[in-house]
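Okay, structure first, notes after.
The values are calculated or read from the model by the stated rules, or taken from the named source; none is laboratory data. Quick caveat: nothing in here was measured; it's all calculated off a predicted structure. Reconstructed Cβ throughout: ideal geometry from the backbone, glycine too, with neighbour counts over all protein chains shown. To get the accessible areas, we keep the full protein, side chains included, count just its heavy atoms, and leave off ligands, DNA and RNA. Shrake-Rupley method; radii C 1.70, N 1.55, O 1.52, S 1.80 Å.
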Amino acid sequence: MSTRDASPPMLALRLLIFTTPRPYREALLGDLAQEFAVLSERSRSAAKIWYWRQALLSLLPLLGWQLRGGAVRTVLLVIATTLIGWVSVSLWDNYVARQSVATLAATENAPSLAVIRSIYFFLFAGGFSLLGAATAQWVFRRDWSFRFNVLVFLGPLSVAVLVVGVAMALSTQLIGYVMFRSVLSLIALIVGAYWAAQRSRAAR
């Protein structure tokens, strides 16, 4: 049997890595890998089914484990982060990004429309990057992985941005423009959070 054949299903493994608290990750994955290797000697397909079953059955308990010890506080933080984030990026879009390009477009030597749009997208994305950085700095939990922090604290806002983007795209003729703006905002949000998380980790 090749090394690849002896490896657990990659997607199920990623799911377990994502949801298992870091202090217990190595031990849990090691135990599952040993059992998977034993089962693979008899039946590769049965071993894959078993591994997927373990991953799916462990999903909710592991998520609950991640959230325990301050679950109410975490829920309140998620709600507050989502509401404050939505208001903040809306104000930034209307009073910083849009006002800045409107002022620039009204000047005597205004640049081309393409340049103005590029500047707007840059400022628009900057607002989401700042929000992501602020969330990572003040809200993210240090005992959680970066991916789990993003899922919990930035996930609801990301879903809201995508839902509103899809709704706007369906109700206007600017589908490409609206969807590009939505995807850009999510990328900027995560990049800002990642940058702040790395700075915070380097400072410790």
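The length gained on full extension between SER112 and LEU56, counted as 0.36 nm times the residue separation minus their Cα-Cα distance, comes to 14.8 nm. Counting only protein heavy atoms and a probe of 1.4 Å, the accessible surface of the chain is 67% carbon and sulfur.
Backbone geometry of the stretch 77-85 corresponds, through the Karplus equation with coefficients 6.51, -1.76 and 1.60 at θ = phi - 60°, to 3J(HN,Hα) couplings of 5, 4, 4, 5, 4, 5, 5, 5, x Hz, x marking Gly and Pro.
Evaluated at q = 0.19 Å⁻¹, a Debye calculation over the C-alpha positions of the chain (equal weights, vacuum) places log10 I(q)/I(0) at -1.24. Our coupling estimate for the stretch 86-99, obtained by passing each phi through the Karplus curve with A = 6.51, B = -1.76, C = 1.60 and θ = phi - 60°, is 5, 5, 4, 6, 5, 5, 4, 4, 6, 9, 10, 5, 5, 5 Hz, Gly and Pro reported as x.
Extending 7 Å from the Cα toward the beta-carbon at both PHE180 and SER90 defines two label points whose distance is 2.6 nm.
Values of log10 I(q)/I(0) for the stretch 99-204 across q = 0.10, 0.11 Å⁻¹ run -0.37, -0.44, by the Debye formula with one identical scatterer at each alpha carbon and no solvent. Convex hull of alpha carbon positions in the stretch 33-138: directionally averaged projected area 11.8 nm². For LEU104, neighbours were defined as the other residues whose beta-carbon sits under 15 Å from its Cβ, and their charges (Lys and Arg +1, Asp and Glu -1) total +1. Backbone geometry of the stretch 28-37 corresponds, through the Karplus equation with coefficients 6.51, -1.76 and 1.60 at θ = phi - 60°, to 3J(HN,Hα) couplings of 5, 5, x, 4, 5, 5, 5, 5, 4, 4 Hz, x marking Gly and Pro.
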